[in-house]
Structures are given as C-alpha cells and as structure tokens.
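Chemist: Below you'll find the structure I mean.
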Amino acid sequence: MSVKDKLWLWFHRMASPAYFFKLAGQLLPWSIVATVIFMLIGLVGGLVFAPADYQQGDGFRIIYVHVPAAWMSMFVYMVMAANSAIFLIWHIKLSDIVARSSAVIGASFTFLALVTGSIWGKPMWGTWWVWDARLTSELLLLFLYLGYIGLRSAIDDRRVAGKAAGILALVGAINIPIIHYSVIWWNTLHQAPSVSKFDNPSIELNMLIPLLCMALAFKLFYLCILLINSRSELLEQEKRSQWVKELVTSS
Amino acid sequence: MNYSNPFVAMLFRDLRIAFRQRAEIMLPVIFFVVVVSLFPLAISPDPAVLKSIGPGVIWIAALLSILLSLQSLFRSDFNDGSMEQILLSPFPGSLLILARIVAQWCVTGLPLIIISPLLGLLLHLDAHVIWVLFISLLLGVPYLNMVGAIGVALTIGLRQAGALLSLLVLPLYVPVLIFGSNAVISATNDLPYNGQLLWLAALLVIATTLSPFVISSALRVSCSYR
C-alpha cells in the first residue's frame, strides 16, 4: 500500500463516527494529563520563577494568560473555517461537529483575551480601553464569533445550520485579514502609538519558556474540550445508529 | 449560451417591480437624510464640529440605511417561490442573483449616493471634500449591497432575521467604513486620499467577483429547509 493510499485510509477512518468516538475516548485522558502538566509548568514558571519586568513589575505576568488566549482566538477561527470548508466540500459530519464546538471555545478565548488585556491596560495605560489596532480587531473577531453562534442557534435543522454557518465562517475567514489590516491602518493614520508595546524584540528566556508552555497548555486544553464536545455530539447525532446501540447495551 | 440576455431580463424585471412601489424606494433615502440631520441636533450646530464629524456621520448613515433596505432584498422572491425557480433555471444562479443585487443597488444605493452631496453641504463640507465623499460612496456602497446580500441569503428563512442580520453583516462592513470615511477625512485635512479610494475599488472588485457565488449557495441552503 502506498503512502497516499494509507493517508486516504486514515482520512476515511477518521471520518467514521464510531472509529473517531473510540479514538477520542482513548486520547482524552492523555490530553487532560498533558494539559495539566504544561499548565502547571507554565503557571509556576511564569508566576514564581520568571523575573519581574523592569518597567511593568509584576503586572506583566498577566501575559501568561493573555497572550496564549489571543493566539488561540485566531487559531480556533482558522480551525473552524478549515473544518467548515471540509464539511461543505466532502460532507464529513465530524468536521461540522468540530466547527460547531470550536465556535464557543473560540469566542471564550477571544473574550478572555479582551478582558485580560483591559485588566492589564488599566495599570499600564491608565485606562480600561484604548482604541488600539489589536484590541479593536480582537473585538471585531468576537463579533464574528457571536454572529456565527447566533446563526447556528437560529436554525433548528442541524445539518442546514452547519451548512449556513459554514458559509459564514468561510466569508469571515476571507474577511479577517482585510479587517485586521484595515484596522491597523486606521489606527496608524489616526494617532501614533502613544503607549509602548513589547517593542523590545528579545524577551528573557525564563520569561519566554513559561509563555510557550502556557501556549501549548491552551492548545491542549482546546483539544480536550474539543474531544469531550465531539464525543457527546457524536452520541447525540448518531443515536439511532447501530454502533451507539451496541455501545449502550454493552455498558 | 448567451449570458447577457438573462442578466438584462432579470435586471429589468426587478427594476420594473421596484418602480411599481415608489414609496418603498424612497424610504431608505429619507431615512438617510433624517439620520444625518439628527447629528447636528444631538452634537452641535458649530460648523467646525460638523466638518470634523461629517464624513463619519454620512458614512454610518449610509451604512445603516443600506442595512435597512437589505431586509426586502430576497423577501418576496423567497415567499412566493420565485427564488427556487431562479436557482433551478438553466442559467447560473449567481448571475441572476447579481442582477437582483444590481437592481437593488439602483433603487436604494444610487439615490443615496446622488443625494449625498446635498448632505455634505448641510454639514459644511468643502466642495472638493464633497467630491471625494461622492466618489467614496460610489465605490463603497455597492460593496455594502453585495456583502449585505450574503447575510440576507443566510438569514432569509429565519424568524428573528433583522437583529441577526446586523450582527452578521456589520463586522464585515468595517473595512469599507474605515477606508470610506478616512478618504473623506484625509480630503478635509488636504492629505492624499487616492490610497483609500483604490482600496475601496479593490474591495469592490473582490466582492463583485466572489459574493454572487457565496450568495447563491447560501440561498440554496436557505431554500432547503423552508
């Protein structure tokens, strides 16, 4: 069997609900353990061992939540859009489930990034909110997520809701770069950045390692939620199928 | 197959239908004028203030009045079943839908663009600034119609379509709002504004080429669950 055939076989297996349900069940404990380990390393390293910033003091430590959340907000939207495309093209139900569960998690990460950003902004910038380019595009991203969730919940038929919301996610994915750069451009035209961001390119190594650990922990956390969500969604969606009946009678 | 005939036929059909209900055509324009004239009452009649807020006010009012007019875009076609016929016809659905949107733009967007210089005068904008405002609306408003139509196509069969439509569409309007009002503000400050106008033109080209396909597939989805 060639590599290409193996890859296709794997792809088809992954798309099979029964196989994915079992695989997700096996993966789940491992990913929970890994999440906890990396989060502990990241939190202890970031909150205890990393030196205080020379300008911001201990206040900078909120980046250990803020920066990974902001990274995740973009990443999850891309995962959502990619899975929407797969669902629209190949009609793989599993992709729709991934997109569906990603939306709420992504919106939560975006909200978390906004809240931690404004908590950080109060002591550093002296105000809760600045119409800064990054904050504004993060806010618009939250609106895009809310629109997606709103459209999904407004349509009763699950399959149709997946298609309609999938189209919206793709339109959003095309628009995100345009919105992002137009906002950056708007901001630079209006005012010069009056507050210094992290313009020093090098960040201390014992500050950086906890940050990367936290970023990994957030990704793993997303994976855990995704696995749990998709397992329960699969059970509900496939409740009339043979494998679910066997699963219920055997347990 | 000749594609220009069905396009033209569809365009004229829609225009004819629209001109039979003249009162409905006027509503978005009247809304536009009323909203703009509220701002001096709420903020300040001082010409200097109006000059600085004018571009943003006119752009936001244009955006809201397009949003208001979108509600009726596919409504009657969807309710009486012509939408299925349009999608089932041997001609590409996206082409016929593009004609529908162009017709909609002629009756709601175009009057709004034509009347905008008058509103610029009311807000004490200079003559050359009004010219830039006119061009920016000419390039930007069709984009609002195109992208708004995507939202309409997705929400057409829903009960609470109005509020959801604005949530879906307004974030996508942000780039055009930024470039449009920014071009006018730059003109007020005697700064170069060609860049913003070119961006508006680029966005319009993207929207015109891509959105008809998105809209027709969204309409297919919406027609499948009525």
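The values are calculated or read from the model by the stated rules, or taken from the named source; none is laboratory data. The model shown is predicted, which means the values in this text are computed figures rather than measured ones. Note that we place each Cβ from the backbone using ideal geometry, even for glycine, and neighbour counts take in every protein chain shown.
Chemist: Tell me whether the range B:149-162 contains one or more residues that are more than 10 Å from every other protein chain (Cβ to nearest Cβ), touching a helix residue (DSSP H, G or I) at 6+ places or on another chain (Cβ under 9 Å), assigned to a helix (DSSP H, G or I) and crowded, with 21+ Cβ neighbours inside 10 Å.
Modeler: Checked the range B:149-162: at least one residue is more than 10 Å from every other protein chain (Cβ to nearest Cβ), touching a helix residue (DSSP H, G or I) at 6+ places or on another chain (Cβ under 9 Å), assigned to a helix (DSSP H, G or I) and crowded, with 21+ Cβ neighbours inside 10 Å.
Chemist: Among the residues of the range A:122-146, write down those that are buried (at least 18 other Cβ atoms within 10 Å of the Cβ) and of a type in the set (Gly, Ala, Ser).
Modeler: A:133, A:137, listed by residue number.
Chemist: Any residue in the range B:62-75 that is among the polar types (S, T, N, Q) sitting within a Cβ distance under 6 Å of a residue that is part of a helix (DSSP H, G or I) and surrounded by 20 or more Cβ atoms within 10 Å (Cβ to Cβ)? List the pairs, counting only those 6 or more apart or interchain.
Modeler: B:65/B:28; B:65/B:32; B:69/B:28; B:69/B:108
Chemist: Between a first residue in the range B:186-197 that is touching a residue at least 40 places away in the same chain (Cβ under 8 Å) and away from chain A (no Cβ under 13 Å) and a second residue that is of a type in the set (Ser, Thr, Tyr) and in a helix (DSSP H, G or I), which pairs have beta carbons less than 7 Å apart while being 6 or more apart in sequence or on different chains?
Modeler: Correct list of pairs: B:197/B:136.
Chemist: Only one of B:210, B:204 is within 11 Å of another protein chain (Cβ to nearest Cβ), closer than 19 Å to residue A:172 by Cα and surrounded by fewer than 23 Cβ atoms within 10 Å (Cβ to Cβ); which? Lay out the reasoning, then the answer.
Modeler: Numbers: B:204 fails: within 11 Å of another protein chain (Cβ to nearest Cβ).
Matching residue, one of B:210, B:204: B:210.
Chemist: Output the residues belonging to the range B:133-157 that are among the aromatic types (Phe, Trp, Tyr) and either closer than 22 Å to residue A:154 by Cβ or without any contact (Cβ under 8 Å) to a residue 60 or more places away in the chain (or both). Full working, then the answer.
Modeler: Our first condition is that a residue be among the aromatic types (Phe, Trp, Tyr); within the range B:133-157, this holds for B:134, B:143.
Once the filter is applied, which keeps residues that are among the aromatic types (Phe, Trp, Tyr) and either closer than 22 Å to residue A:154 by Cβ or without any contact (Cβ under 8 Å) to a residue 60 or more places away in the chain (or both), the range B:133-157 yields only B:134.
Chemist: For residue B:28, indicate whether it is at pLDDT 90 or above and either part of a helix (DSSP H, G or I) or of a type in the set (Ser, Thr, Tyr) (or both). Outline the logic, then answer.
Modeler: Working: at pLDDT 90 or above: no; either part of a helix (DSSP H, G or I) or of a type in the set (Ser, Thr, Tyr) (or both): yes.
Here the answer is no, as residue B:28 does not meet what is asked.
Chemist: Among the candidates B:222, B:166, B:216, B:181, single out the residue that is more than 30 Å from residue B:53 (Cα to Cα) and more than 8 Å from chain A (Cβ to nearest Cβ).
Modeler: Details: B:222 fails: more than 8 Å from chain A (Cβ to nearest Cβ); B:166 fails: more than 30 Å from residue B:53 (Cα to Cα); B:181 fails: more than 30 Å from residue B:53 (Cα to Cα).
Exactly one of B:222, B:166, B:216, B:181 is more than 30 Å from residue B:53 (Cα to Cα) and more than 8 Å from chain A (Cβ to nearest Cβ), namely B:216.
Chemist: Based on this model, can you work out whether residue B:218 counts as within 26 Å of residue B:99 (Cα to Cα) and at pLDDT 95 or above?
Modeler: The answer is no for residue B:218.
Chemist: When only residues in the range A:65-95 that are of a type in the set (Val, Ile, Thr) and surrounded by fewer than 23 Cβ atoms within 10 Å (Cβ to Cβ) count, which is modelled with the lowest pLDDT?
Modeler: Of everything passing the filter in the range A:65-95, A:92 is modelled with the lowest pLDDT.
Chemist: Another question, then. Taking the conditions exactly as written (in contact (Cβ under 8 Å) with a residue 60 or more places away in the chain, more than 21 Å from residue A:179 (Cα to Cα) and assigned to a loop (DSSP other than H, G, I, E, B)), does residue A:123 satisfy them or not? Full working, then the answer.
Modeler: On the way: in contact (Cβ under 8 Å) with a residue 60 or more places away in the chain: yes; more than 21 Å from residue A:179 (Cα to Cα): yes; assigned to a loop (DSSP other than H, G, I, E, B): no.
It is false that residue A:123 is in contact (Cβ under 8 Å) with a residue 60 or more places away in the chain, more than 21 Å from residue A:179 (Cα to Cα) and assigned to a loop (DSSP other than H, G, I, E, B).
Chemist: Under the condition of being surrounded by 12 or more Cβ atoms within 10 Å (Cβ to Cβ) and basic (Lys, Arg), which residue from the range A:1-52 is farthest from residue A:242 (Cα to Cα)?
Modeler: A:13
Chemist: Collect the residues in the range B:131-148 that are among the hydrophobic types (A, V, I, L, M, F, W, C) and either in contact with a strand residue (DSSP E or B) (Cβ under 7 Å, 6 or more places away or on another chain) or more than 10 Å from chain A (Cβ to nearest Cβ) (or both), keeping them in residue-number order.
Modeler: From the range B:131-148, those among the hydrophobic types (A, V, I, L, M, F, W, C) are B:131-135, B:137-139, B:141, B:144, B:146-147; that's our starting set.
Answer for the range B:131-148, where residues must be among the hydrophobic types (A, V, I, L, M, F, W, C) and either in contact with a strand residue (DSSP E or B) (Cβ under 7 Å, 6 or more places away or on another chain) or more than 10 Å from chain A (Cβ to nearest Cβ) (or both): B:131, B:132, B:133, B:134, B:135, B:137, B:138, B:139, B:141, B:144, B:146.
Chemist: If you check residue B:170 against the conditions, is it touching a residue at least 40 places away in the same chain (Cβ under 8 Å) and part of a helix (DSSP H, G or I)? Spell out how you get there, then give the answer.
Modeler: Details: touching a residue at least 40 places away in the same chain (Cβ under 8 Å): yes; part of a helix (DSSP H, G or I): yes.
Answer is yes for this residue.
Chemist: Tell me the residue from A:169, A:154 that is surrounded by fewer than 22 Cβ atoms within 10 Å (Cβ to Cβ), of a type in the set (A, V, I, L, M) and out of contact with any Cys (no Cβ under 6 Å at 6 or more places or on another chain), please. If you could, list the steps in order and put the result at the bottom.
Modeler: Details: A:169 fails: surrounded by fewer than 22 Cβ atoms within 10 Å (Cβ to Cβ).
Answer to the selection: A:154.
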